[in-house]
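Data block below; observations after.
The values are calculated or read from the model by the stated rules, or taken from the named source; none is laboratory data. Worth saying up front: this structure is predicted, and the values here are computed from it rather than measured. FYI the Cβ positions are ideal-geometry reconstructions off the backbone, even for glycines, and counts take in every protein chain you see.
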């Protein structure tokens, strides 16, 4: 959560500044007539980039149940969309505006996904399938502070151990490294989950 708070504190004021600049000067016809075409396109690009970045974060917060953060991000996003679309409509015949709008959309998705990966909110349910080293994998994960359930199963080629573990998304890389150190051939699957009640999820190691 420390990374989450840092990124929220950093990103939201920056996007608010973009919106304020566009709102303050977006409707000034005198400025529009004197500013360069590229500067106007750059502003549209930044607005659209900000909008799509916020859209990715809003969806993430909604899925994780952070309703107040989702509402705050949605408010910012709506304000930016109104200003960006207004500028594009006024200059709809300007190809640079259209390219900036589309480019900001694409780049905003990339930036939003990057921020989402860095924040790594939520949990993931991992299942590790190992033919001979399931018990060793379970022991290593438990020593690292994770709760593990070991299940005996039967696969296509005979007996197999299924190691079931719910981990924080921020711990995914470390957990996979531990598993690979024990059994590089283990089959690993993962899916996003939202815990409902109780459970042990270990402590963050970073």
Which fully enclosed helices (runs of 4 or more DSSP H) of the range 1-86 have 3 or more residues being at pLDDT 80 or above, surrounded by 14 or more Cβ atoms within 10 Å (Cβ to Cβ) and in the same structural domain as residue 115 (by TED's automatic domain parsing)?
37-63
Would you check which residues across the range 132-149 are in contact with a strand residue (DSSP E or B) (Cβ under 6 Å, 6 or more places away or on another chain) and surrounded by 17 or more Cβ atoms within 10 Å (Cβ to Cβ) and list them?
134, 137, 138, 141, 146, 148
Return the residue satisfying two criteria in turn: it lies in the range 150-172 and is modelled with pLDDT of 85 or more and exposed (fewer than 14 other Cβ atoms within 10 Å of the Cβ), and of such residues it is farthest from residue 63 (Cα to Cα).
159
Subset of the range 119-160 [in contact with a helix residue (DSSP H, G or I) (Cβ under 9 Å, 6 or more places away or on another chain), more than 24 Å from residue 193 (Cα to Cα) and part of a helix (DSSP H, G or I)]
136
